[in-house]
Amino acid sequence: MLPGLEPAELPADAIEVGRILDAWGIKGWFKVLPHSASPEALFSSKRWYLLPSEKVAKTFTGTALLRVREAKEHSGTIVASAREVDDREGAEALKGARIFVPRSSFPTANKDEYYWVDLIGLDVLNREGVALGQVTELLSTGAQTVLVIGYTQDGKAQERMVPFVSAYVDNVDLPARRITVDWQPDY
């Protein structure tokens, strides 16, 4: 474990929200690559749980707790500082670390807004009640978000894509884990 970082247990509701790219400056700040265009989860949580990168040389093992002093946007990127990191060398040692925060610390979404992580795994049915599959991922095409729905046909894994816009999505019922859409299986 790096000096200053304390071992921690990853919360049961932990979601990966980004990675540490590199050191930024000489006072222990570091650059963060968020996994979302809207990194509110990074800004709202003051406790980040780090796991070492699978690809970058490991400078620590297990899960480490990082107490964030400040996270902010700066020149088109996200930069952050933490109590446990006070110089460039410490920040460089975190390079590649995966950042997790508890889902419970995410800001509350507005009406008709959803975190992608909450949509993955939901069943998708059309207006007639025909099961179209389950959401496996979401794609941002620039103009809109697209639901990628996985299903099996004749024993083969298939995908269909449905634009995540009000013209096609009738209802998202998170407690029932279901999305109702105006879409036919043969589209």
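The values are calculated or read from the model by the stated rules, or taken from the named source; none is laboratory data. Every value quoted in this text rests on a predicted model; they were computed, and no experiment measured them. We place every Cβ from the backbone using ideal geometry, glycine too, and count neighbours over all the protein chains shown.
General remarks:
- Between V68, V17, V101, the distinction of being within 19 Å of the chain's Cα centre (by Cα), more than 23 Å from L138 (Cβ to Cβ) and in a strand (DSSP E or B) belongs to V68 only.
- Considering segment 36-58, the residues that are within 14 Å of L21 (Cα to Cα) and in contact (Cβ under 8 Å) with a residue 40 or more places away in the chain include one that is surrounded by the most Cβ atoms within 10 Å (Cβ to Cβ), namely L50.
- Picking from residues in segment 73-88 that are closer than 15 Å to L21 by Cβ and surrounded by fewer than 14 Cβ atoms within 10 Å (Cβ to Cβ), the one that is modelled with the lowest pLDDT is G76.
- When D87 is tested against (1) among the charged types (D, E, K, R); (2) in contact (Cβ under 8 Å) with a residue 40 or more places away in the chain; (3) within 30 Å of L174 (Cα to Cα); (4) not assigned by TED's automatic domain parsing to the domain that holds N171, only condition (3) is not met.
- Among (1) of a type outside the set (V, I, T); (2) in a strand (DSSP E or B); (3) under 20 Å from the mean Cα position of the chain (by Cα) - the single one L132 does not satisfy: (3)
- Of all the listed residues (A157, A109), the sole one being under 16 Å from S38 (Cβ atoms) and free of Cβ contacts under 8 Å to residues at least 12 places away in the same chain is A109.
- Sole residue being touching a Gly at 6+ places or on another chain (Cβ under 9 Å), within 30 Å of M161 (Cβ to Cβ) and of a type in the set (S, T, N, Q), chosen from T145, T141, T59, T136: T136
- Among the residues of segment 47-65, those identified as within 19 Å of W24 (Cβ to Cβ) and in a loop (DSSP other than H, G, I, E, B) are S53, V56, T59.
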